[in-house]
Structure formats: C-alpha cells, structure tokens
1. Do you know which residues across the stretch 288-325 are closer than 27 Å to Ile381 by Cα, not polar (S, T, N, Q) and not in a loop (DSSP other than H, G, I, E, B)?
2. Please enumerate the residues belonging to the stretch 296-334 that are among the charged types (D, E, K, R) and crowded, with 17+ Cβ neighbours inside 10 Å.
3. Pick out the one residue from Asp362, Asp353 that is assigned to a loop (DSSP other than H, G, I, E, B) and in contact (Cβ under 8 Å) with a residue 12 or more places away in the chain.
4. Within the stretch 281-295, work out how many residues are in contact (Cβ under 8 Å) with a residue 24 or more places away in the chain and surrounded by fewer than 18 Cβ atoms within 10 Å (Cβ to Cβ).
5. Does the stretch 119-151 hold any residues that are acidic (Asp, Glu) and either under 12 Å from Glu162 (Cβ atoms) or surrounded by fewer than 23 Cβ atoms within 10 Å (Cβ to Cβ) (or both), and which are they?
6. Considering the stretch 139-153 alone, what residues qualify as being over 20 Å from the mean Cα position of the chain (by Cα) and hydrophobic (A, V, I, L, M, F, W, C)?
7. When you scan the stretch 132-211 for helices (runs of 4 or more DSSP H) that lie fully inside it, which ones turn up with 2 or more residues that are modelled with pLDDT under 90?
Amino acid sequence: MKKLCLAAIFCFLLVTSLFVISLFLINPLSSGSPDIFVGIDVAYDNVEEIKSLVDEVSSYTNTIVIGSNGITYNVTKLDEVCSYVYDRGMHFMVFMHPHNETEKCEEQRQWVEDARTRWGASFLGLYAYDEPGGRQLDNAEYKVLNEKPANYSDAAEKYALELNNVLGYIRESPINSGNLTLFTSDYGLYWFDYRGGYDVLFAEFGWNHSSQLNVALCRGAATAQNKEWGVMITWTYNHHPYLESGPELYEDMVLAYNNGAQYILVFDTTKNYTHGILEQEHLDALKQFWNYAENNPRKTDVSSERVAYVLPYGYAYGFRGPWDKIWGFWEAEDDPLSYGISADVGKFLEDYDTKLDIIYDDGIVVDDTYSKYVFWNGTVILVHSFLAEN
C-alpha cells in the first residue's frame, strides 16, 4: 500500500496538525442501517471514477477511505471528493503522509480548518501512515525502528516511543480538542501499534494468511487496551485480479462481522494505484453483506465469553509461518519459545476458533474481561475460580 518516509517528520507535523480542530467522535449510523462502518478504500487518483463508484455503492455501504495521495496532496480534488461523498450521506476518512513542499502543506492546513464546519461527524479522522507493524516485520525501507534494539522489551519500548513521538504532536497541539481519531491498517504488531498511539486498527485479510488469527491478535489488542478495531480486506494476489472472488469476499465480511469488527473495508486499487479493481462480483458481495448485516443484528460482543492467550512481553512475532521474524530483527527459529508458542496458537485456534483473543503480558490485570487466561509459560487461570479465591 502507501509508502511513508518517517524521516520527513517536520512537514508531517505541519500537515497533520491541521486536523486537530476536527471533532471525530463517531455518531450512531442512521436508523435501519447496519451499526458498523462498511466501505471501500479508494486508493487511486481518479476523481470521476471515485464519484462513479460512490454513486454505485452509496445504497449498500456507508464509508469511504480516500486513500490516494494524488488526491490528498491536491486540495481541489480532495474538496471535490469529500463533498461528493458527504452529499451521498456517507462517512469518510482521509489518508495523508508527509509532503516536502511547504506550499502543499499550507493548502492542506487551510482545507482542514474548514472541514469540521462543513462535514462534521461524517469526517471520521485521519488514516495516518500505513502498515507500520508490517513494515517493521518485513524490514521495509521506511520503518519505525531502524537500529536493532538490545532485546524484545527494549524493542517494545522504543517502538511505542517512536510512534508516540510522531502521533503525539497531533495529540499535544494547543488547539487539539482531544477528539482526533487516528486509523491505520496492518498485518502484524497490532498490540504495539495501539501502544504507539492509534485509536483504530484494521486487521488485514489477504495474502492467504489466516483471517481468524489476525482477528485474535487485533481484537485482543483492542479489547485489552480499550480501543476499536476493524478489518481491511486487501489483495490475495500481487497481480490481476488482485482480490479474492466475490463469494470469498462475502464470506470474509461475514467472518469479520460475526467476530465483532466495527469497520469492514475493502482495498480497491491496482499495483500502480491507477484505478479501481472491484468487479461486479465484488460489488454484489458488498450488497449481499449489507443485506445480511441489516437482517442479522449482532448480539453484544461479550469478551468475557472468550479465552485470552497471553504472549511474553515484547514478543513481536509475525505469526505468518516458521520463517517469520520477531521485530524484523530476530529469527523465530533462534528463539527458544517460538516453537511452543506457535504450536499453542495453532491448537487454541482449533479449540476456541472465534472465541480466542491473543494479548501480551504487558501489565495486564487478570479480571473478568475473559473467561480464562492461558499464559505462554503454561500458567492457566480460570477467572471465576481465581476471583472467588481472591
């Protein structure tokens, strides 16, 4: 997806500080609609194509991510797209990352200074950066930690600190009302992304990786840290047709919904970010899911009915297979705990399926948030027995 140069911090602060006057508290959706945010990340620079897509989907989705910097760097285009989405009664969020041209930054600042007045709660917030955890795991060119930390705990502290140093400028601005919502998608390290300052994370479904495992990791991190979470359904292939089939897309959306996701989004762009990739079968899947959500109201998502598997503090493993790394620096095969932890995760996914959350031994308090806590070292705490004894 989009690339971010963390070194260009100065202009990023200028760009994003303009968002701090906006009120991004999420209001309930209109009566008769699903009580979740369902939509599309339009990550391409084609205003007319986006408008045509909005016309098509506005009756069976309610959220658009404006995900192309070709639009967000051009306030004329950005204004046109946001107005169009708003006029169709939809919510939207805006992707931005640093721009080296001060003039562009100032234009964006002025644009956002008027945003709350014009669009109010329809303007959900800022999609800031993209896949910081995944970039760290895969040792991408632009990542949060460039130098190898001393150990896992050191990495956890430094990762959270570096993200907080950037996102904190927004939170600490003198004109910030405290209501700015920061979103991003990721495919790993959700726990540490939240620690770094994000409000909402979208677990990515794609690349034939385990969707339920990513739910367990992201939902667990969100539950333990009192955050919100959702799902971004992204590519299965790195070439045409990119996305899974329509029926498979529908199944993934239902899976996300039944697991309690508050946001269910579909990533829509080509490898070169030039145009959309949604075929009629994908649009049909979105429409079918909208009808499903309308006719199948969710029961209250009760975490106390779930089981928490507790990982060691700082154990930032990607869980994509035995070749994956820890923090992008250490090989899992060299870690004495990795085999046992991987085997446990696989077994518990089979045993508990949608009832499994994965969290970290990071100052957690054993309470009635979960029915049972199973620690990486074999310790098992049954909550009702534990609370009765204490």
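1. Applying the first criterion (closer than 27 Å to Ile381 by Cα) to the stretch 288-325 yields 299-319.
Of the ones still in play, those that are also not polar (S, T, N, Q) are 299, 301-302, 305-319.
Across the stretch 288-325, the qualifying residues are Glu305, Val307, Ala308, Tyr309, Val310, Leu311, Tyr317.
2. Step one: of the stretch 296-334, the residues among the charged types (D, E, K, R) are 298-299, 301, 305-306, 320, 324-325, 331, 333-334.
Across the stretch 296-334, the qualifying residues are Arg306, Arg320, Asp324, Lys325.
3. Values: Asp353 fails: assigned to a loop (DSSP other than H, G, I, E, B).
When all the criteria are applied, what remains is Asp362.
4. First pass over the stretch 281-295, keeping only residues in contact (Cβ under 8 Å) with a residue 24 or more places away in the chain: 281-294.
Cutting the leftovers down to surrounded by fewer than 18 Cβ atoms within 10 Å (Cβ to Cβ) gives us 281, 284, 287-288, 291-292, 294.
Going through the stretch 281-295 one residue at a time, the tally reaches 7.
5. If we filter the stretch 119-151 for residues that are acidic (Asp, Glu), which is where we start, we get 130-131, 138, 141, 147.
If the condition is that a residue be acidic (Asp, Glu) and either under 12 Å from Glu162 (Cβ atoms) or surrounded by fewer than 23 Cβ atoms within 10 Å (Cβ to Cβ) (or both), then Asp130, Asp138, Glu141, Glu147 are the ones that fit.
6. Here is the first cut: in the stretch 139-153, the ones over 20 Å from the mean Cα position of the chain (by Cα) are 141, 146-153.
Within the stretch 139-153, Ala150 is the sole residue that qualifies.
7. On the way: elements: 132-137, 152-171, 190-195.
Result: 152-171.
Table: residues versus (1) small (Gly, Ala, Ser); (2) touching a helix residue (DSSP H, G or I) at 6+ places or on another chain (Cβ under 8 Å); (3) loosely packed, with under 11 Cβ neighbours inside 10 Å.
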| residue | (1), (2), (3) |
| --- | --- |
| Glu350 | no, no, yes |
| Ile358 | no, yes, no |
| Asp362 | no, yes, no |
| Val365 | no, no, yes |
| Ile381 | no, no, no |
| Ser385 | yes, no, yes |
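The values are calculated or read from the model by the stated rules, or taken from the named source; none is laboratory data. Keep in mind it's a predicted model, so treat the numbers as computed, not measured. So basically every Cβ, Gly included, is an ideal-geometry build from the backbone, and we count neighbours across all protein chains shown.
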